[in-house]
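Asks: Take a look at the following structure, please.
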Amino acid sequence: MKHYKLVFILLFTFSLSVKSQTIIRLYNKTDKLITVCYASYNQSIKGWVSKGWYWVKPFQSSDLNLGTYTGDVYIYGKQDGLLADTKWGKGASFCINAKDAFEIQFADKANCSKKEEFSKLTVKRGVTNWNFNSKN
């Protein structure tokens, strides 16, 4: 009986921690690796910060844990192709580093060598899903 109580307590605690966190569950519904970055508003600097890269394997999902952040987030994804890259994002432009991991403050206003279009997603605590679908 004690074993069942412990399992219940652990599951309940895990459930509460997921609900208190903001998670974007990224689904790759394609047959190739997708690299992803995002931009979120940082209250302490009063500006947008872009961060990347995160990998989502073909036909799998990956979680981005944003802590307790709520509000608008912008998502950009890409696949490298032999002839051309496939990109996901539309509506807002933010700085990225095309080759290396990055965190860029004031990414919407910064003078940078590479900007890409990101799509808007509004998040709250709990899990919010985002799909990368094939672009045939």
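The values are calculated or read from the model by the stated rules, or taken from the named source; none is laboratory data. If you're wondering where the values come from, they're calculated on a predicted model, not measured in any experiment. Note that each Cβ is placed from the backbone with ideal geometry, even for glycine, and that neighbours are counted across all protein chains shown.
Let's see how each residue does on (1) at negative phi; (2) more than 15 Å from the chain's Cα centre (by Cα):
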site: Lys29; (1), (2): yes, yes
site: Leu33; (1), (2): yes, no
site: Tyr38; (1), (2): yes, no
site: Lys46; (1), (2): no, yes
site: Tyr54; (1), (2): yes, no
site: Asp72; (1), (2): yes, no
site: Gly89; (1), (2): no, no
site: Asn97; (1), (2): yes, yes
site: Asp100; (1), (2): yes, yes
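Asks: Still on this structure, please answer the following. Which one of these is loosely packed, with under 15 Cβ neighbours inside 10 Å, of a type outside the set (Lys, Arg) and in contact (Cβ under 8 Å) with a residue 24 or more places away in the chain: Thr86, Thr70? Show your work before the answer.
Replies: Details: Thr86 fails: loosely packed, with under 15 Cβ neighbours inside 10 Å.
Residue meeting the stated conditions: Thr70.
Asks: Kindly check whether there is at least one residue in the range 64-71 that is within 15 Å of Glu117 (Cβ to Cβ), part of a strand (DSSP E or B) and at pLDDT 95 or above.
Replies: Among the residues of the range 64-71, not one is within 15 Å of Glu117 (Cβ to Cβ), part of a strand (DSSP E or B) and at pLDDT 95 or above, which makes the answer no.
Asks: Further question: Identify all residues within the range 81-133 that are farther than 21 Å from Gln60 by Cα, of a type in the set (Asp, Glu) and assigned to a loop (DSSP other than H, G, I, E, B); write none if there are none.
Replies: Asp100, Asp108
Asks: Could you please find all residues in the range 95-136 being more than 20 Å from Lys29 (Cβ to Cβ), of a type in the set (S, T, N, Q) and surrounded by 11 or more Cβ atoms within 10 Å (Cβ to Cβ)?
Replies: Within the range 95-136, Asn97, Gln105 qualify.
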